[in-house]
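Asks: Structure provided below as structure tokens; questions to follow.
Just so it is clear, none of the values below were taken in a lab; they were calculated from the coordinates. In this text, all values refer to a predicted model and were calculated from it rather than measured experimentally. Glycine gets a Cβ as well: all are built from the backbone with ideal geometry, and neighbour counts include every protein chain shown.
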Amino acid sequence: MKAFIFDLDGVIVSTDELHYEAWKQTADGEGIFFNREINERLRGVSRGESLEIILERAEKKYSQEEKAQLAESKNRIYRELLKKLTPADRLEGVTETLEQLRKRGYLLAIGSSSKNAPIILEKIGYKDYFDAISDGNNIKKSKPDPEVFLCAAKMLGLKPEECYVVEDAEAGICAALAGGFAPVGIGGAAKCDGITKGLGKFSDLLEL
Ligand code: B16
Ligand code: MG
């Protein structure tokens, strides 16, 4: 194996909490029921698809224009929340573990569905850290489609079977499997079917 491709939200940084807050405010504003259980289904899927999941509970039908406005409003709230991100928001063990993996000669990349990945990486002090960044800005299809990881592997000049994909979302594990990568699950994805390894903590990556 030659590289690790990391999901961003929920793996490298705790932006999953900020997504929840922004969607909660948006759903409350519309009087739509939304809780943490529903939020779990939003991990790794695009903004538009996340909104569709939230609207399953809506009492009225939303037009395409109204949906676009809601998605934009959520993103505005989320971008405000992102302003307070600092390197201290990297998840536990991330900084040291990535350094160790680098010393062992692995290439390190990001494979995130988020269009906000560049600003997040800048805020947490990782703007120029990774060897490749594939995110919501360079893909047409969101996870569980493998496109985001296939692009990352291509940027690294590697084949999927030479890369681990580290994910916290079922959609991301499915994407990695569909693309021929070795999926490593953390958090809720540590028990997904088909994973190469489940991590109790991020630094367990050093045992691979
Ligand atoms: P944005 P990841 C994903 O990031 C999030 O998990 C998901 O909740 C979000 O809807 C998606 O990014 C799109 O984010 O609205 O910022 O473009 O886990 O793939 O790093
Ligand atoms: Mg994630």
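Asks: Only counting other Cβ atoms within 10 Å, I'd like S203, S114, S46, S63 sorted with the fewest neighbours first.
Replies: S63, S203, S46, S114
Asks: What is the extension gain from F33 to K127, computed as 0.36 nm multiplied by their sequence separation minus the C-alpha to C-alpha distance, in nm to one decimal?
Replies: Residue separation times 0.36 nm, minus the Cα-Cα distance, leaves 30.2 nm.
Asks: Can you tell me the equivalent ellipsoid semi-axes for the stretch 16-82? Use √(5λ) from the Cα gyration tensor, largest first, whole Å.
Replies: In descending order the semi-axes read 16, 14, 11 Å.
Asks: Dipole of the chain, Cα-centred, from +1 at each Lys and Arg C-beta and -1 at each Asp and Glu C-beta, to the nearest 20 debye?
Replies: Charge dipole, the chain, about its Cα centre: 360 debye, nearest 20.
Asks: Excluding residues on the same chain fewer than 8 positions from K159, give the lysines whose Cα lies under 30 Å from its Cα.
Replies: K2, K103, K115, K127, K140, K141, K143, K191, K197, K201
Asks: By the gyration tensor of its Cα atoms, with a ≥ b ≥ c the square roots of the eigenvalues, what is the shape of the stretch 81-208: rounded for a/c under 1.5, prolate for a/b over b/c, or oblate?
Replies: In terms of gyration-tensor shape, rounded.
Asks: With +1 on each Lys and Arg Cβ and -1 on each Asp and Glu Cβ, and nothing else charged, work out how big the dipole of the stretch 134-182 is about its Cα centre, in Debye to the nearest 20.
Replies: So the magnitude is around 220 debye.
Asks: Could I ask something else about it? Using 1/(1 + (r/R0)^6) with R0 = 41 angstrom and r between the beta carbons of K159 and S63, what's the FRET efficiency to the nearest 0.05?
Replies: 0.40
Asks: Next up: From the phi of every residue in the stretch 151-157, what ³J(HN,Hα) in whole Hz does the Karplus formula 6.51 cos²θ - 1.76 cosθ + 1.60 yield, where θ is phi - 60° and glycine or proline is x?
Replies: My calculation for the stretch 151-157 gives 5, 4, 4, 4, 4, 7, x Hz in order.
Asks: Counting only helical runs of four or more DSSP H residues, what would the 222 nm mean residue ellipticity of the chain come to if each run contributes -39,500 (n - 2.57) and the total is spread over all its residues?
Replies: -12500 deg cm²/dmol
Asks: Please find, in a Gaussian network model of the chain (springs between Cα atoms separated by less than 10 Å), the residue of I110, I133, I119 whose mean-square fluctuation is greatest.
Replies: Evaluated over the chain, the most mobile residue of the options is I119.
Asks: Can you give the extra length, in nm with one decimal, that the chain gains between N137 and E92 once fully stretched, where that is 0.36 nm per residue apart less the Cα-Cα distance?
Replies: Numbers: separation 45, 0.36 × 45 = 16.20 nm, distance 2.70 nm.
Result for the pair: 13.5 nm of gain on full extension.
Asks: Here's something else I'd like to know. Can you give me the long-range amide H partners of F6? Hydrogens built in the peptide plane at 1.01 Å from N, cutoff under 5 Å, separation of 5 or more residues or another chain.
Replies: Close amide H contacts, sequence-distant or interchain: A109, I110, G111, V166.
Asks: May I pose another question? Using only Cα atoms, locate the centre of the stretch 66-119 and the centre of the stretch 142-208, then give the distance between them in Å, rounded to an integer.
Replies: Cα centroid of the stretch 66-119 versus Cα centroid of the stretch 142-208: 16 Å apart.
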